[in-house]
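Student: Have a look at the structure that comes next, please.
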Amino acid sequence: MLETIKTYVISYDVLLYIFLSRAVYLMVYSTDENIVENKISSDRLDPDYLTNKQLFSLLDSRGEVYRRSADRSRLVTLAKTKVNVEESTPPILADLESLTISDLKHLLNQRGIMYYKRSTRHDLIGAVNISGPVTTEALAHMKRIGEPTIGPVHEFNAFNFMKTLEKYNDSIFLLNILPPRLKSSYFNESSWNALRRKLTYMDFKFGELDCDFEKRTCLTQKWNISTLFLYTPGKKINREYPIRDDYNLHSIFSDIQKEINYKISIISSWDIFTSSKWAFYHGPKDKIAVRIILFTNMTVPPMFLSSLSVKYRDKVNFGMVNMASHKGRNILKKLKQKYWPLLLVVTKQGILAYGKLPGEYFTYRELDFFLSTLLQDFQPLETWYHKLSIFLDPTMIGLLIVRLLVSLLKSRIGIKEEKTKSRYNIVQDVDDDDDDDDDSMESRIHEAGQKLIIDQQAVKLLLEELLRRRNNTQ
């Protein structure tokens with residue numbers, strides 16, 4: 001009976017306290033800091049996932065003419081025909097013809113576009129135009145900040161190799177593997193510095209590993225010649241570039257550019273563009289709140305966009321529309337946009353064209369700052385109680401409280417059982433004493449009876465003896 005009561009009490013405690021802890025958990029995470037994340041405009045929801053009532057309401061708000069008895073797929077297609085891009089004042093573009101060759105090369109370096117040393121002014125202007133517009137403000141900003149300082153080189157060894165890579169988990173690492181001095185020539189130092197200078201614009205990290213001091217590591221990795229090791233976060237297989245005498249710096253840069261764009265998807269049709277991955281959202285709690293879409297003639301996206309797609313690989317969807325194709329131009333036409341390159345930023349509140357406001361430039365650092373600021377609205381900074389998420393987990397809280405109650409209940413039951421047992425022992429001792437007294441009384445009575453019988457027999461014998469002597473005397 002006691003075990004049954006104990007089981008029921010524990011079961012109800014589990015349900016009760018898990019329910020209470022869930023309420024606390026939801027109350028903490030529904031603060032004003034997180035309300036923005038769940039806000040979404042009605043026209044940002046994917047029509048495929050709307051109920052018929054919501055779909056009718058959306059079409060009515062747009063003034064569409066339709067039959068409610070029409071097939072649902074046609075109504076969904078009608079709802080997806082209008083994707084509005086917020087209108088903004090077009091910026092003032094810079095006159096590229098008036099720029100020097102060094103300014104044009106600086107612009108391309110900022111965007112991660114490779115060029116040849118002997119490229120003509122016409123080639124450089126074409127490369128700038130195809131990668132994105134240049135405003136007068138962006139040009140003035142470029143001249144003001146100048147070239148960035150080349151990033152430091154981290155010294156790698158067998159002990160800090162993986163630890164250093166994990167420390168900079170959001171950054172792309174390029175390692176220069178220095179082979180044994182007697183077996184192979186080094187990657188030319190001037191080429192190594194030139195490559196570092198270009199990749200510093202994209203916030204690459206750099207390192208060196210000397211095989212003369214790390215022979216075991218180089219032997220395990222089969223690094224017996226000069227090699228560039230590219231570590232791209234999020235990729236399971238890292239790329240290696242063996243450096244031979246006929247290496248080409250332009251080819252190495254192009255290969256790196258292709259290797260790191262694995263998170264950029266090609267949007268090849270209007271149906272793909274209007275899916276819940278790009279122009280619309282499945283619901284207010286979609287994990288990926290921001291999408292970046294580049295409209296360009298380039299076959300490979302510029303490196304500034306590829307590098308950012310690696311850094312924000314779990315927070316932002318990156319896509320590219322090829323304007324050289326008919327379907328790509330059709331997407332731009334349906335969006336009622338006339339010019340490209342165009343960079344669209346899709347959020348839960350609307351779609352805007354990047355590059356038309358002050359501070360919005362087609363460079364790594366400015367777009368990185370824009371995204372980090374934008375994501376704070378959808379993924380706010382954690383406060384002290386958000387860092388206690390593991391302790392605020394309902395199951396964890398419920399189990400801890402129940403464990404405490406079970407321990408308390410067991411201790412109380414144990415105390416009661418001990419008291420009951422002690423009382424039982426006392427009563428048992430008293431009963432044992434009474435039984436001992438009864439046994440001693442019976443033995444004394446028995447002894448007294450036996451003594452009386454013996455005395456009677458002795459008296460009887462004595463009388464018989466006296467009678468016998470009396471008879472003899474007569």
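Student: Across the stretch 73-99, which residue is farthest from the chain's Cα centre (by Cα) among those that are over 20 Å from ILE130 (Cβ atoms) and without any contact (Cβ under 8 Å) to a residue 12 or more places away in the chain?
Tutor: ARG74
Student: Checking LEU124 against (1) touching a Leu at 6+ places or on another chain (Cβ under 6 Å); (2) open to solvent by 80 Å² or more (accessible area, probe 1.4 Å), only one condition comes out false. Which one?
Tutor: (2) is the only condition that LEU124 fails.
Student: Select from the stretch 320-346 the residues that are of a type outside the set (A, V, I, L, M, F, W, C) and more than 21 Å from ASN129 (Cβ to Cβ) and write down the one among them that is least open to solvent (accessible area, probe 1.4 Å). Don't jump to the end; show me each part of the working.
Tutor: First, the residues of the stretch 320-346 that are of a type outside the set (A, V, I, L, M, F, W, C): 322, 325-330, 333-334, 336-339, 341.
Now narrow it down to the ones that are more than 21 Å from ASN129 (Cβ to Cβ): 326-327, 330, 334, 336.
Numbers: HIS326: 137, LYS327: 125, ASN330: 55, LYS334: 86, LYS336: 173 Å².
Looking at the filtered set, the residue picked out is ASN330.
Student: Can you name every residue in the stretch 188-224 that is among the aliphatic types (A, V, I, L, M), farther than 19 Å from ILE260 by Cβ and open to solvent by less than 40 Å² (accessible area, probe 1.4 Å)? It would help to see each step written out before you state the result.
Tutor: So in the stretch 188-224, the residues among the aliphatic types (A, V, I, L, M) come out as 194-195, 199, 202, 209, 219.
Imposing the further condition that a residue be farther than 19 Å from ILE260 by Cβ reduces the set to 209, 219.
LEU209 - this is the single residue of the stretch 188-224 that is among the aliphatic types (A, V, I, L, M), farther than 19 Å from ILE260 by Cβ and open to solvent by less than 40 Å² (accessible area, probe 1.4 Å).
Student: Let me ask something else. Inspect the stretch 237-244 for any residue being free of Cβ contacts under 8 Å to residues at least 12 places away in the same chain, surrounded by fewer than 19 Cβ atoms within 10 Å (Cβ to Cβ) and closer than 27 Å to ASN261 by Cα and give the result as yes or no.
Tutor: At the first step, the residues of the stretch 237-244 found to be free of Cβ contacts under 8 Å to residues at least 12 places away in the same chain are 237-238.
Applying the additional criterion that residues be surrounded by fewer than 19 Cβ atoms within 10 Å (Cβ to Cβ) yields 237-238.
Pick out the ones that are also closer than 27 Å to ASN261 by Cα and you get 237-238.
Yes - at least one qualifying residue is present in the stretch 237-244.
Student: Counting only residues that are open to solvent by 50 Å² or more (accessible area, probe 1.4 Å) and out of contact with any helix residue (DSSP H, G or I) (no Cβ under 7 Å at 6 or more places or on another chain), how many does the stretch 98-120 have?
Tutor: Number of matching residues: 6.
Student: Right, next: If you take the residues of the stretch 43-73 that are over 19 Å from THR347 (Cα atoms) and in contact with a Phe, Trp or Tyr (Cβ under 8 Å, 6 or more places away or on another chain), which of them is most open to solvent (accessible area, probe 1.4 Å)?
Tutor: Taking the stretch 43-73 as the starting set, the residues that turn out to be over 19 Å from THR347 (Cα atoms) are 51-57, 59-73.
Imposing the further condition that a residue be in contact with a Phe, Trp or Tyr (Cβ under 8 Å, 6 or more places away or on another chain) reduces the set to 59, 68.
Values: LEU59: 0, ARG68: 143 Å².
Across the stretch 43-73, the extreme among qualifying residues is ARG68.
Student: Being outside any strand (DSSP E or B) and under 26 Å from PRO358 (Cβ atoms): is that true of ALA127 here? Spell out the reasoning first.
Tutor: Values: outside any strand (DSSP E or B): yes; under 26 Å from PRO358 (Cβ atoms): yes.
For ALA127, the condition - outside any strand (DSSP E or B) and under 26 Å from PRO358 (Cβ atoms) - is met.
Student: Output the qualifying pairs, or none if there are none: Cβ atoms under 9 angstrom, residues six or more apart or on different chains, first residue in the stretch 131-143 and in a helix (DSSP H, G or I), second residue of a type in the set (Lys, Arg).
Tutor: Here the result reads SER131/ARG111, each pair linking the stretch 131-143 to a residue that is of a type in the set (Lys, Arg).
Okay, residues lined up against (1) out of contact with any strand residue (DSSP E or B) (no Cβ under 9 Å at 6 or more places or on another chain); (2) at negative phi; (3) of a type in the set (Asp, Glu):
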| position | (1), (2), (3) |
| --- | --- |
| LYS39 | yes, yes, no |
| ASP43 | yes, yes, yes |
| ASP46 | no, yes, yes |
| ASN52 | yes, yes, no |
| ASP60 | yes, yes, yes |
| LEU93 | no, yes, no |
| THR100 | yes, yes, no |
| ASP103 | yes, yes, yes |
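Student: Taking the options LYS39, LYS80, name whichever one is open to solvent by 90 Å² or more (accessible area, probe 1.4 Å) and either under 16 Å from GLY350 (Cα atoms) or touching a Leu at 6+ places or on another chain (Cβ under 9 Å) (or both).
Tutor: Numbers: LYS80 fails: open to solvent by 90 Å² or more (accessible area, probe 1.4 Å).
Checking each option against the conditions leaves just LYS39.
Student: Across the stretch 350-376, what is the number of residues that are in a loop (DSSP other than H, G, I, E, B) and either exposed (fewer than 15 other Cβ atoms within 10 Å of the Cβ) or of a type in the set (Lys, Arg) (or both)? I'd like the intermediate steps shown before the answer.
Tutor: Taking the stretch 350-376 and keeping what is in a loop (DSSP other than H, G, I, E, B), we get 350, 355-363.
Narrowing further to those that are either exposed (fewer than 15 other Cβ atoms within 10 Å of the Cβ) or of a type in the set (Lys, Arg) (or both): 350, 356-359.
Going through the stretch 350-376 one residue at a time, the tally reaches 5.
Student: Next question. If a residue has to be more than 20 Å from GLY132 (Cα to Cα) and either open to solvent by 10 Å² or more (accessible area, probe 1.4 Å) or more than 20 Å from the chain's Cα centre (by Cα) (or both) to count, how many in the stretch 284-310 make the cut?
Tutor: 5
Student: Which is touching a residue at least 24 places away in the same chain (Cβ under 8 Å), in a helix (DSSP H, G or I) and not acidic (Asp, Glu), of SER268, SER307, SER275?
Tutor: Numbers: SER268 fails: in a helix (DSSP H, G or I); SER275 fails: in a helix (DSSP H, G or I).
Going through SER268, SER307, SER275 in turn, the sole match is SER307.
Student: Of a type outside the set (D, E, K, R) and either under 21 Å from TYR364 (Cα atoms) or modelled with pLDDT under 90 (or both): which single residue out of LEU195, LEU175, LEU228 fits that description?
Tutor: On the way: LEU175 fails: either under 21 Å from TYR364 (Cα atoms) or modelled with pLDDT under 90 (or both); LEU228 fails: either under 21 Å from TYR364 (Cα atoms) or modelled with pLDDT under 90 (or both).
The match here is LEU195.
Student: Taking ASP43, is it at pLDDT 75 or above, closer than 30 Å to THR373 by Cα and part of a helix (DSSP H, G or I)?
Tutor: Working: at pLDDT 75 or above: yes; closer than 30 Å to THR373 by Cα: yes; part of a helix (DSSP H, G or I): yes.
Against the criterion (at pLDDT 75 or above, closer than 30 Å to THR373 by Cα and part of a helix (DSSP H, G or I)), ASP43 qualifies.
Student: Within the stretch 149-163, work out how many residues are surrounded by 15 or more Cβ atoms within 10 Å (Cβ to Cβ) and out of contact with any strand residue (DSSP E or B) (no Cβ under 6 Å at 6 or more places or on another chain).
Tutor: So the count comes out to 1.
Student: Over 22 Å from ILE260 (Cβ atoms), basic (Lys, Arg) and in contact with a helix residue (DSSP H, G or I) (Cβ under 9 Å, 6 or more places away or on another chain) - does that describe any residue in the stretch 319-335?
Tutor: Yes, that holds for at least one residue.
The values are calculated or read from the model by the stated rules, or taken from the named source; none is laboratory data. A quick note: this is a predicted structure, and the numbers were derived from the prediction, not measured. Every residue, glycine among them, receives a Cβ derived from its backbone with ideal geometry; neighbour counts consider all protein chains shown. Just the protein is used for accessible areas: all its heavy atoms, side chains included, with ligands, DNA and RNA removed. Shrake-Rupley method; radii C 1.70, N 1.55, O 1.52, S 1.80 Å.
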